[in-house]
1. Quick check on Asp119: is it acidic (Asp, Glu) and open to solvent by 40 Å² or more (accessible area, probe 1.4 Å)?
2. Tell me yes or no: at least one residue of region 63-86 is assigned to a helix (DSSP H, G or I), out of contact with any strand residue (DSSP E or B) (no Cβ under 7 Å at 6 or more places or on another chain), among the β-branched types (Val, Ile, Thr) and modelled with pLDDT of 60 or more.
3. Of the numbered conditions (1) within 21 Å of Asp52 (Cα to Cα); (2) open to solvent by 50 Å² or more (accessible area, probe 1.4 Å); (3) modelled with pLDDT under 85, Val145 satisfies every one except a single condition; which is it?
4. When you scan region 175-188, do you find a residue that is at pLDDT below 85, open to solvent by 60 Å² or more (accessible area, probe 1.4 Å), not in a helix (DSSP H, G or I) and not hydroxyl-bearing (Ser, Thr, Tyr), even just one?
5. Could you go through region 89-99 and let me know if any residue there is assigned by the TED database to the domain that holds Lys61, open to solvent by less than 30 Å² (accessible area, probe 1.4 Å) and more than 13 Å from Gln47 (Cα to Cα).
6. Kindly check whether there is at least one residue in region 41-61 that is open to solvent by less than 20 Å² (accessible area, probe 1.4 Å), modelled with pLDDT of 60 or more, assigned to a helix (DSSP H, G or I) and among the basic types (Lys, Arg).
7. Residue check: is Gly129 modelled with pLDDT of 85 or more, at positive phi and either not β-branched (Val, Ile, Thr) or not assigned by the TED database to the domain that holds Gln54 (or both)?
8. State which residue pairs qualify: first residue in the same structural domain as Gln142 (by the TED database) and inside region 114-125, second residue open to solvent by 20 Å² or more (accessible area, probe 1.4 Å) and not in a helix (DSSP H, G or I) in any location, beta carbons under 8 Å apart, and separation of 6 or more residues or different chains.
Amino acid sequence: MKKKKIQNIIIGIIAISIIGAIAGYNYSVEQNKQKGLQFGIELEQIQQDVKDLQIKFYSEKTKWEEGDITKEELLEFYDKHLKEFKEIISKYDELSPPELFESSVELLKISSETQLSSDSEYIKWIETGDESAKVRSDTQFQESVEYELQGLVEFYSAKTGIKNYDEDAKFEAPQSGLTQKVIQVAENMASKCDEEFKNDLGEFDSDETEVEWFNCINEAKKWKIDHLP
């Protein structure tokens, strides 16, 4: 399970690379453009902080297992970890996201809150040896990963113009159909590649442009493979 958790931390890296792209989002009004730029920078930093915190969380346990620190030192670190994690999560509420990105921010916040609960149960397992706490931690960890993945899909859907929201619509908990969402986003990415690199006749103006288009399409395919449930 530890290996699976470490592998899933890679999702955090994907989150940062996707969210960072909002800096180039094209707003028609300069004020909104600056607001979107600042939002993207702040959200990217929060996701980076969460990723760094989780990497440290598991690396400290490794130190304990290898005898580099005592169990008391590990639990002392974990107490600070929970406090720091709560502070980071509170930063989601300080964001001012453009309307289309509100649900993606909410999903990423839910992901972090679920991860915090998972960490709390994990610490309880370390402290008491209660196997049921370990089971709860593992379950919540997987839920956190799923929320984060859906948050990224929502983010990219909003960024590429796939998703539109009614002004009176409220955010609802994640629904089923994640696979279809991922496919839809990937198809939109491929469509953007065509728009950027092909001319009006659907052809390439140069060999270099064709290579760039090919690389763009491969990125869309890779994104779909990486994000399919």
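The values are calculated or read from the model by the stated rules, or taken from the named source; none is laboratory data. Everything quoted here is computed from the prediction, not taken from an experiment. With ideal geometry, Cβ positions are generated from the backbone for all residues, glycine too; neighbour counts draw on all protein chains shown. Surface areas here come from the heavy atoms of the whole protein model, side chains and all, with no ligands, DNA or RNA. Shrake-Rupley method; radii C 1.70, N 1.55, O 1.52, S 1.80 Å.
1. It is false that Asp119 is acidic (Asp, Glu) and open to solvent by 40 Å² or more (accessible area, probe 1.4 Å).
2. No, region 63-86 contains no residue that is assigned to a helix (DSSP H, G or I), out of contact with any strand residue (DSSP E or B) (no Cβ under 7 Å at 6 or more places or on another chain), among the β-branched types (Val, Ile, Thr) and modelled with pLDDT of 60 or more.
3. (2)
4. So far as region 175-188 goes, yes, one or more of its residues are at pLDDT below 85, open to solvent by 60 Å² or more (accessible area, probe 1.4 Å), not in a helix (DSSP H, G or I) and not hydroxyl-bearing (Ser, Thr, Tyr).
5. yes
6. The answer is yes; a qualifying residue exists.
7. Spelling it out, Gly129 is indeed modelled with pLDDT of 85 or more, at positive phi and either not β-branched (Val, Ile, Thr) or not assigned by the TED database to the domain that holds Gln54 (or both).
8. Lys124/Asp130
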